[in-house]
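Below is one structure, written out as structure tokens; the observations come after it.
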Amino acid sequence: MEKKRILTERETLFNDRIMKLFFKIENSHLLSIIRRGLTMLVPVIVVGAVAHAILYFPNESFTYWITEQQAWIAAFLKMVYQGTFGMFSMILVVALAVSYSVERGEAIDKMFFYAITAIASFGTQLVVVDSNMGWDILGNQGCFVAMVVGLLSSAIFSKLESIESISLRKYTLGMDAVLANAIQSIFPSTITVGVFALSEYVLLKISGGKDIYTLWTVCSEKIFASIGNEFLSALLYTVLVHVLWILGFHGSHMMESVAVNHFQTVGENIIFSKSMFDTYVMMGGCGTTICVLIAIFLFAKKKRTRNIGKLAVPTVIFNANEILNFGIPIMLNPVFAIPFICVPIFALVLSYGAVAFGIISPICNEIAWTMPIMTSGYAASGIAGVILQIIIITFGVIIYAPFLKIYEKIYDLRMQEKIKKLVDELQECEKKGENPNFLHRMDDAGMVTRMLLQELKIAIRQKELFLLYQPQVDGEGKCIGAEALLRWKHPEYGFIYPPLIIYLAKEGDILPDLERMLFDTAISTIKQVSEARGEGLKISVNITAHSLNWELEGYIEQKLKEYQVSAKYLWIEITEQDMLTNSEMVIRKISRLKEAGHKLLIDDFGMGHTSLIYLESEHFDVVKLDGSLVRDIIRKNTNQKIVASVIELAKKLNIKVVAEYVETEEEYNLLKDMGCDWYQGYLFSKPISLEEFINGTW
């Protein structure tokens, strides 16, 4: 038993170390830049992949109809494909340049100059041979060059742009942002483009007019021509294709000349052919990614992962896996590197063994690479071919499954870390009384904020937000009601910091939608509590200064009539830090709420000038002590004096006092001796569900 426990502890420790290693690699700046750039390409990839799948649909009747009878459709789809995958490398360069600038936190107007410089640098790689431009590099074929140029040009430009003597900043004082950035980019852009032009010129001179892709093709051809063993050639081809994909290059295109010249032929005495690879090794695309797709639907717990799987279905069926490769992404993903390479090797060895032992026959006819699994297996080797595909896919799913789970854990950790940083920065702004501007930033904080805002809109529409209730008691310990606390349990990242929810709603102009849901739920709660307990327990709800910018009071009045609830049971808290102005509109709206019968509370009340102005207005009935005063009331004598002064002043003005964050009997007794009226905190109850509040089980 002890030995088993030690082994379990060692296994857990090993798994933790592996997770930390993967997490460290995943969080590197270089991978973040590339991953973000690849993610930007998803719309282009989806459009191009769908056009390609339709254009090369593996059905002769359909192909004849689309190319002969409805030739305009084929022409249209070719244009779409040419505009997406035909320009893939050029688009990749732009995406990487923008991603690099985002990683550096550059302003949006500066990003354009990163992209422009990267495009110009990439343009120097369009080799002119015999008066013909090397346009092929713009498509998938140029992925390697695009990635190198996109990253290096951005790094060089960034470094040069930071040098004062080169940037010409002293000449741009008083100019508008675009012109200033354009002038500051003159020398950095010129030097960067010049570096790539010079490097390409030197390469052409040394290689005798051959570009990088051509050199790669020549070298790979010589290597495969020198291998005498057919199986070793097939194994090396399989490994290289998938290693190149993992490193961020389009492996299939990089190795296309090898596939055509060494594995194109099919026949009775030929085991390894391109059709064999397409049918048994690269089902769903490189990496045997049909296995990834199935694993996603069987084991993925995260909605994001499943959504990518759903998007990939139409193309993976026809063996085009770009959506998975770039959407998850699998490329440059250390978690998926092992199964992405190992599953195809397993498929190659198993299918080779099946042919060698006569279980299935060699493929004697050309099989279209777009032909779906099962169909392709049957066309290649009958029922035996289908069974072989099923066996390979089954083992492939088993191999991919644990890595998929690791990927989801790491993705969650990465996103939770980003959200934590966002919350930390928001809390820092709250302490300083500053208004954050996350929504318009281009760094990780800005992107996470915009993502959460879009998902908050959906959550409000689908009524995924809810309220918890923290009971409030009087000096005798009797419950007088509760404060309604907004909660949002994100399906991927757990509970979201409530002030962040309010910030998102304010900045995203959806605060009225959020507050309609909030007051509808709160008033409904009052009705249910009244019917269940038969006593008048009040519910208090927080609003902000922004809440008064729409007809909130009219909506509350409408809901009170709808639920037949008295306004005296709905208390409204306004945070002191919201700094309400004494404008005519604010005074009118507060007065209307007061006249309707609501009790108004000042939340987080201190002894600031603003707080005293609120008391002078005579609109407020209750003050809630600032939590920082109550938390340290036992330890700090100054806090005791401030709280005592607030309570004394409140009594003279006939205003009630609520103390929240009461967590110990000592705090409760001290506040009670000071004359505090009501109490709220973990000493009495944590925030609880409506059912618990109604049942009084807290």
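The values are calculated or read from the model by the stated rules, or taken from the named source; none is laboratory data. It should be emphasised that the depicted structure is a prediction, and the values quoted were computed from it without experimental measurement. In this analysis, Cβ positions are derived from the backbone assuming ideal geometry, glycine residues included, and neighbour counts consider all displayed protein chains. Protein only, heavy atoms only, side chains kept; ligands, DNA and RNA dropped before computing areas. Shrake-Rupley method; radii C 1.70, N 1.55, O 1.52, S 1.80 Å.
Need a quick list: helices (runs of 4 or more DSSP H) entirely within region 48-139 having at least 2 residues that are within 22 Å of P314 (Cβ to Cβ). Filter on region 48-139 gives 60-64, 71-84, 88-103. Using beta carbons and a limit of 7 Å, which pairs, at least six apart or on different chains, have the first residue in region 248-265 and more than 13 Å from M276 (Cα to Cα) and the second one of a type in the set (V, I, T)? From residues that are more than 13 Å from M276 (Cα to Cα), the pairs are G248/I34; G251/V241; S252/V241; M255/V241; S257/T217. Residues of region 642-668 that are under 48 Å from the mean Cα position of the chain (by Cα) and outside any loop (DSSP other than H, G, I, E, B): I642, V643, V646, I647, K656, V657, V658, A659, E665, E666, E667, Y668. The residues of region 201-241 that are of a type in the set (S, T, Y) and either over 21 Å from G353 (Cα atoms) or under 38 Å from the mean Cα position of the chain (by Cα) (or both), listed by number, are Y201, S207, Y213, T214, T217, S220, S226, Y237, T238.
Of all the residues in region 28-53, those that are surrounded by fewer than 18 Cβ atoms within 10 Å (Cβ to Cβ) and under 18 Å from K78 (Cβ atoms) number 1. Among residues of region 670-696 that are of a type in the set (D, E, K, R) and open to solvent by less than 40 Å² (accessible area, probe 1.4 Å), those with a Cβ under 8 angstrom from a residue that is in a loop (DSSP other than H, G, I, E, B) and at pLDDT below 95, sequence gap 6+ or separate chain, pair up as D677/G475. Tallying residues that are at pLDDT 90 or above and of a type in the set (G, A, S) within region 227-242 yields 2. In contact with a helix residue (DSSP H, G or I) (Cβ under 9 Å, 6 or more places away or on another chain) and open to solvent by 30 Å² or more (accessible area, probe 1.4 Å): is that true of E535 in this structure? For E535, the condition - in contact with a helix residue (DSSP H, G or I) (Cβ under 9 Å, 6 or more places away or on another chain) and open to solvent by 30 Å² or more (accessible area, probe 1.4 Å) - is met.
From the residues in region 282-310 that are charged (D, E, K, R) and open to solvent by 60 Å² or more (accessible area, probe 1.4 Å), which one is farthest from A53 (Cα to Cα)? By that ranking, first place goes to K301. Look at (1) closer than 30 Å to Y682 by Cβ; (2) surrounded by 19 or more Cβ atoms within 10 Å (Cβ to Cβ); (3) in contact with a helix residue (DSSP H, G or I) (Cβ under 8 Å, 6 or more places away or on another chain) and you find that T449 fails only one, number (1). Are any residues in region 654-665 touching a residue at least 12 places away in the same chain (Cβ under 8 Å) and loosely packed, with under 12 Cβ neighbours inside 10 Å, and if so, which ones? Matches in region 654-665: E665 only.
Per the listing Q125, Q69, Q82, the residue uniquely farther than 16 Å from L38 by Cα and open to solvent by less than 40 Å² (accessible area, probe 1.4 Å) is Q125. Whether a residue is more than 36 Å from the chain's Cα centre (by Cα), modelled with pLDDT of 90 or more and buried (at least 18 other Cβ atoms within 10 Å of the Cβ) was assessed, and A567 passes this test. I390 meets the conditions (1) among the hydrophobic types (A, V, I, L, M, F, W, C); (2) over 21 Å from C291 (Cα atoms); (3) within 35 Å of the chain's Cα centre (by Cα) in every case but one. The failed one is (2).
Considering (1) in contact with a helix residue (DSSP H, G or I) (Cβ under 7 Å, 6 or more places away or on another chain); (2) in a helix (DSSP H, G or I), the lone condition that L232 does not fulfil carries the number (1). Per the listing P471, P498, the residue uniquely within 20 Å of V658 (Cβ to Cβ) and free of Cβ contacts under 8 Å to residues at least 24 places away in the same chain is P498. Considering I496, I460, the condition of being crowded, with 16+ Cβ neighbours inside 10 Å and touching a His at 6+ places or on another chain (Cβ under 6 Å) is satisfied by I496 alone. Determine whether K210 is among the charged types (D, E, K, R), farther than 23 Å from A380 by Cβ, open to solvent by 20 Å² or more (accessible area, probe 1.4 Å) and in a loop (DSSP other than H, G, I, E, B). Yes. For the residues S199, S185, the requirement of being free of Cβ contacts under 8 Å to residues at least 12 places away in the same chain, surrounded by 14 or more Cβ atoms within 10 Å (Cβ to Cβ) and under 25 Å from Q125 (Cβ atoms) singles out S199. Whenever a residue of region 289-301 is within 14 Å of P339 (Cα to Cα), its partners that are among the aromatic types (F, W, Y), lying with C-beta atoms within less than 7 angstrom and at least six residues away or across chains, give the pairs C291/Y400; V292/Y400; A295/Y400. Kindly indicate whether T172 is surrounded by 15 or more Cβ atoms within 10 Å (Cβ to Cβ) and over 34 Å from the mean Cα position of the chain (by Cα). Spelling it out, T172 is indeed surrounded by 15 or more Cβ atoms within 10 Å (Cβ to Cβ) and over 34 Å from the mean Cα position of the chain (by Cα).
Scanning region 619-641 for residues that are open to solvent by less than 50 Å² (accessible area, probe 1.4 Å) and in a loop (DSSP other than H, G, I, E, B) yields H619, F620, D621, D626, D632, I633. With respect to M40, determine if the residue is at pLDDT 85 or above and in contact with a Leu (Cβ under 7 Å, 6 or more places away or on another chain). When the stated conditions are applied, M40 does not pass them. Filtering V313, V266 for residues that are assigned to a loop (DSSP other than H, G, I, E, B), surrounded by fewer than 24 Cβ atoms within 10 Å (Cβ to Cβ) and not basic (K, R) leaves a single hit, V266.
When G377, G353, G358, G382 are checked against the criterion of being part of a loop (DSSP other than H, G, I, E, B), small (G, A, S) and either without any contact (Cβ under 8 Å) to a residue 40 or more places away in the chain or open to solvent by less than 20 Å² (accessible area, probe 1.4 Å) (or both), G358 stands alone in meeting it.
Annotation for region 225-248: at least one member residue is surrounded by 15 or more Cβ atoms within 10 Å (Cβ to Cβ), over 29 Å from F122 (Cα atoms) and touching a Ser or Thr at 6+ places or on another chain (Cβ under 7 Å). Against the conditions (1) touching a helix residue (DSSP H, G or I) at 6+ places or on another chain (Cβ under 7 Å); (2) modelled with pLDDT of 85 or more; (3) basic (K, R), R169 satisfies every one except (2).
Put simply, of E164, E106 the only residue that is charged (D, E, K, R), open to solvent by less than 70 Å² (accessible area, probe 1.4 Å) and more than 30 Å from A320 (Cβ to Cβ) is E106.
The numbered conditions (1) surrounded by fewer than 19 Cβ atoms within 10 Å (Cβ to Cβ); (2) among the polar types (S, T, N, Q); (3) within 14 Å of L388 (Cα to Cα) are all true for N365 except (3).
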